[in-house]
Amino acid sequence: MTTWTVGDVRITKVPQMTWHIPLWGLVPEATDAACAEVAPGLVDGPVEVSLHGLVLESGGRTILVDTCAGHDEAADHVLGLVQSVGTIDHHQHDVRAAVEAAGWAAEDIDTVVCTHLHFDHVGGAFLDGAAAFPNARHLIAGDEWGYWSAYEADDHDYVSINGTVRPLVEAGLVDLVDPDHALTDEVRFVPTPGHTPGHVSVEIASGGEAAVITGDLAHHPIEFLAPHWVMAADVDGAQCSATRRSFMEQYGDGETLVLGTHFGGSSAGRLEASTGAWTPA
């Protein structure tokens, strides 16, 4: 498993699956020619898109950020679309299996963070008719649940609220929190709206070091270098573009570890706003 240490916080990537697709399959403006113009060499043919969770060990807590895709109609539909333009490599059947392969029992996870409520970030939270992580409080930004709970969610390509999130809410396992909620002294939410209305990223600060987990603010590092590009599943593409610009200003210092929820390879690197460089870590 890939791990990083940020001060006293240990971060472990738990991969469920990867996709290999042309980037324009997610971001229509990201053609080969456009990518070559923005950042020569950063995108060369199909890209690897990772579906993974991240386990944070902080302040005595074991926190899982995002639960990847589950086994429902929404997942099957979108994964079928992915396979129409690329390939899928299954590492684990679901994120619970990925967590267990990394050395934790499902019962060890005491907190599940939902950066947003698209199927590939919450689908693995409810499996086989029960909470996949039965001892965990599931944290969702209030604005995010407010939007999707009132939406005809099961008619939307990217969500499966009724099958995966609503059962957790009804079981009393969900806490609706502010978009800047602090989980520990070292880990907190950062509001990054646009992809969805209540989308959050997760900031880690410990021992003079810093990291941030993007969520779906970007699906590939090149989107920070072309923040005006709009992703197919953005609820508000203009707002997401503005949020990416702000993110680049805040975290593009060349020192903050940026952990992309969908970035391929190591899934981490550093942004340098002054030069527009992405350096994998």
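Only the coordinates and a few stated rules stand behind these numbers; no lab work does. Bear in mind that the values here come from a model prediction, so they are computed numbers and not experimental data. A quick note on method: Cβ atoms are made from the backbone with ideal geometry, for glycine too, and the neighbour counts reach across all protein chains shown.
Here the relative contact order of the chain, from alpha carbon pairs under 8 Å that lie six or more residues apart, stands at 18 percent. In the chain, the DSSP-assigned H stretches of four residues or longer account for a calculated mean residue ellipticity at 222 nm of -6000 deg cm²/dmol, using -39500 (n - 2.57) per stretch and the full residue count as denominator.
Computing Rg and the Kirkwood Rh from the Cα coordinates of the chain gives a ratio, Rg/Rh, of 0.93. For the peptides 200-207, 179-186, the ranking by mean Cβ contacts within 10 Å, running from highest to lowest, is 200-207, 179-186.
Among Arg10, Arg270, the ranking by other beta carbons within 10 Å of each residue's beta carbon, starting with the fewest, stands as Arg10, Arg270.
Remark: the chain carries a charge dipole of roughly 380 debye about the Cα centre, counting +1 on each Lys and Arg Cβ and -1 on each Asp and Glu Cβ.
Annotation: the residues Glu37, Glu209, sorted from fewest to most other C-beta atoms within 10 Å of their own C-beta, follow the order Glu37, Glu209. Between the alpha-carbon centers of the range 9-42 and the range 55-123, tell me the distance in whole angstrom. The two parts, judged by their Cα centres, are 19 Å apart.
When the GluC sites (Glu not before Pro) in the range 91-167 are filtered for DSSP coil states and for at most 14 other beta-carbon atoms within 10 Å of their beta-carbon, the remaining sites are Glu152. Computed extension length for Ala277-Asn162: 37.3 nm, one decimal, from 0.36 nm per residue of separation with the Cα-Cα distance subtracted.
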